[in-house]
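Beneath this line is the structure, given in structure tokens, with notes to follow.
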Amino acid sequence: MTRGERRVGGPALGRHTPYEIIVVGCSLGGMQALLEILSALPDDFCIPIAVVQHRHKRSNEGLPAFLRKNSKMPVVDVQDKQWIKPGTVYLAPANYHLLVEKGEFNLSVDDAVQHSRPSVDVLFESAADAYGAKVIGVVLTGSNVDGTRGARRIKTRGGIVIAQDPATAEAPEMPKGVIDAGVVDQILPLQEIAPYLVEQCVDIRQQA
């Protein structure tokens, strides 16, 4: 879709899985952490993944290009009012907050949150409000506590929260923040996060 194009409705994002969307937050060390996770997900992984990686406001196509080379899933920078498609990785563009609504993304230039735009809290809170218990939040390496408030919203709405084991994080402050807040369901070493996501998002028809 081109910027500004709007679609009504949209596909069933998670198809026959218990979850509709995965939201991921990271900062310092995030590129390598994202690479580890995305390269381990299969090409038929059908859940859309929305990512906030703290980026310099003049950041260019470098991050999506880097991840695209190492991911079996399509990786794109989000455009405003973009329809959410299954099996795609969506990155918050530099200097924009990324918000989730039912079936689409919105971009915002509202004030920075936790000194960050894009903000993990903004992404997580909007996803929780849109999809409730059908959200998985993943907090990776980072050097501040952006994401703690948003993770609490995901838990309040019935979703699940995964934190990278701080011992495996280049910067432990971000995952440690959500762990200390008591809003985490799983604390996993980085290399175990992708297998856990695959396990959680398996097509329920395969379990029949």
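The values are calculated or read from the model by the stated rules, or taken from the named source; none is laboratory data. Bear in mind that the values here come from a model prediction, so they are computed numbers and not experimental data. So basically every Cβ, Gly included, is an ideal-geometry build from the backbone, and we count neighbours across all protein chains shown. All accessible areas refer to the heavy atoms of the entire protein, side chains included, with ligands and DNA or RNA removed. Shrake-Rupley method; radii C 1.70, N 1.55, O 1.52, S 1.80 Å.
Of everything in the range 106-144, what is touching a residue at least 60 places away in the same chain (Cβ under 8 Å), farther than 17 Å from Ala94 by Cα and of a type in the set (S, T, N, Q)? Give them in sequence order.
Within the range 106-144, Thr141, Ser143, Asn144 qualify.
Mind checking which residues of the range 31-46 are at pLDDT 95 or above and either of a type in the set (Gly, Ala, Ser) or assigned to a loop (DSSP other than H, G, I, E, B) (or both)?
Ala33, Ser39, Ala40, Leu41
Tell me the residue from Gly137, Gly132 that is small (Gly, Ala, Ser) and either buried (at least 20 other Cβ atoms within 10 Å of the Cβ) or not in a helix (DSSP H, G or I) (or both), please.
Gly137
Going by what's in this entry, would Ala94 be described as out of contact with any strand residue (DSSP E or B) (no Cβ under 8 Å at 6 or more places or on another chain), open to solvent by less than 20 Å² (accessible area, probe 1.4 Å) and of a type outside the set (Ser, Thr, Tyr)?
Numbers: out of contact with any strand residue (DSSP E or B) (no Cβ under 8 Å at 6 or more places or on another chain): yes; open to solvent by less than 20 Å² (accessible area, probe 1.4 Å): yes; of a type outside the set (Ser, Thr, Tyr): yes.
In short, yes.
Condition test on Val178, is it at negative phi, among the β-branched types (Val, Ile, Thr) and in contact with a strand residue (DSSP E or B) (Cβ under 7 Å, 6 or more places away or on another chain)? It would help to see each step written out before you state the result.
Working: at negative phi: yes; among the β-branched types (Val, Ile, Thr): yes; in contact with a strand residue (DSSP E or B) (Cβ under 7 Å, 6 or more places away or on another chain): yes.
Yes; evaluated as a whole, the condition is true for this residue.
Here's a check for you: in the range 68-91, which residue that is open to solvent by 60 Å² or more (accessible area, probe 1.4 Å) and in contact with a Ser or Thr (Cβ under 7 Å, 6 or more places away or on another chain) is farthest from Val51 (Cα to Cα)?
Asn70
Among (1) crowded, with 16+ Cβ neighbours inside 10 Å; (2) over 11 Å from the mean Cα position of the chain (by Cα), where does Asn106 come up short?
Every listed condition holds for Asn106 apart from (1).
Please specify each residue of the range 70-96 satisfying the condition of being modelled with pLDDT of 90 or more and either of a type in the set (D, E, K, R) or not in a loop (DSSP other than H, G, I, E, B) (or both).
Of everything in the range 70-96, those that are modelled with pLDDT of 90 or more and either of a type in the set (D, E, K, R) or not in a loop (DSSP other than H, G, I, E, B) (or both) turn out to be Lys72, Val75, Val76, Asp77, Asp80, Lys81, Trp83, Lys85, Val89, Tyr90, Leu91.
Working only within the range 47-67, note down all residues that are open to solvent by 20 Å² or more (accessible area, probe 1.4 Å) and part of a loop (DSSP other than H, G, I, E, B).
Residues satisfying the conditions are His54, Arg55, His56, Lys57, Arg58, Ser59, Asn60, Glu61.
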